[in-house]
Amino acid sequence: MIKQYSHYVDSKLEWIGQVPAQWRQTKLKYITSISKGRKANEDFQDFKEGMIAYLSMEYLRNQTEHPFYVFADDPNVVLVDEEDLLILWDGSKAGEIVKAKKGALSSTMGKIHLDADYFDLNFLTYYLKNAEKFIQSNTVGMGIPHVSGEILRTLFVAFPSVKIQNK
């Protein structure tokens, strides 16, 4: 169990409220980099040697067992590993945060790479899952909503030490 802190401060984020005064705050752009997915040159319904799954949201949500496949050496694909952190960039649920499966990132998603060693990926995942509604309420675009890169990059992140993050 995490102990109660003696002093709290306003996080300046309505969806978080107050955070312990000892916690640090930064913007997401200072601890992560984001790689936007791109469309593969060609996709296939049947698996062949040298191919990997093309990661659609339906496949990541386990709504289909049969993904499309792309060649792993296609210069357009962005490769992701199991447990990488992804964000749905376009569509009605733009801003949704999901964990990856091994494969190629679809063109409607972005891979969030943690660049800071003073941050735990699981903590960041939980944090961003809690920020989903905020990110989704600030999407841009006519017709098809898109994540606002500026909103995402400047998202404030409040965090304790790595030891507390791991707890």
Quiz item: Is one or more of the residues making up region 77-89 more than 27 Å from I151 (Cα to Cα) and open to solvent by less than 40 Å² (accessible area, probe 1.4 Å)?
Solution: no
Practice problem: Identify the single condition in (1) at pLDDT below 95; (2) closer than 18 Å to D117 by Cα that G143 does not satisfy, given that it satisfies every other one. | Solution: (2)
Quiz item: Among the residues of region 85-104, is any in contact with a Ser or Thr (Cβ under 6 Å, 6 or more places away or on another chain), under 22 Å from Y30 (Cβ atoms) and charged (D, E, K, R)?
Solution: no
Quiz item: If you scan region 2-25, which residues turn out to be among the hydrophobic types (A, V, I, L, M, F, W, C) and modelled with pLDDT under 85?
Solution: I2, L13, W15, I16
Practice problem: Working only within region 1-47, note down all residues that are surrounded by 13 or more Cβ atoms within 10 Å (Cβ to Cβ), out of contact with any Gly (no Cβ under 6 Å at 6 or more places or on another chain), under 20 Å from L121 (Cα atoms) and charged (D, E, K, R). | Solution: K27, K29
Self-check item: Every pair of residues 6+ apart whose Cβ atoms lie under 7 Å, when the first sits in region 72-90 and is within 14 Å of S56 (Cα to Cα) while the second is β-branched (V, I, T) and assigned to a loop (DSSP other than H, G, I, E, B)
Solution: I87/V147; L88/T108; W89/T108; W89/V147; D90/T108; D90/I144
Quiz item: Do we have G95 as in a loop (DSSP other than H, G, I, E, B) and in contact with a Phe, Trp or Tyr (Cβ under 9 Å, 6 or more places away or on another chain) here?
Solution: yes
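Could you tell me which of the residues F123, F134 is more than 22 Å from R38 (Cα to Cα), in contact with an Asp or Glu (Cβ under 9 Å, 6 or more places away or on another chain), open to solvent by 10 Å² or more (accessible area, probe 1.4 Å) and part of a helix (DSSP H, G or I)?
Working: F123 fails: in contact with an Asp or Glu (Cβ under 9 Å, 6 or more places away or on another chain).
Going through F123, F134 in turn, the sole match is F134.
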Exercise. Six or more apart or on different chains, Cβ under 9 Å: which pairs go from a residue in region 48-70 that's open to solvent by 40 Å² or more (accessible area, probe 1.4 Å) to one that's assigned to a helix (DSSP H, G or I)? Could you list them?
Key: Q63/M57; T64/E58; E65/Y59; H66/Y59; F68/Y59
Exercise. Determine, yes or no, whether K111 is of a type in the set (K, R), under 14 Å from S35 (Cα atoms) and within 14 Å of the chain's Cα centre (by Cα).
Key: yes
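The values are calculated or read from the model by the stated rules, or taken from the named source; none is laboratory data. Remember, it's a predicted structure, so these values are computed and weren't measured experimentally. Cβ sites come from the backbone with ideal geometry, for glycine too, and all protein chains shown count toward neighbours. Note: areas computed on protein heavy atoms with side chains; ligands, DNA, RNA excluded. Shrake-Rupley method; radii C 1.70, N 1.55, O 1.52, S 1.80 Å.
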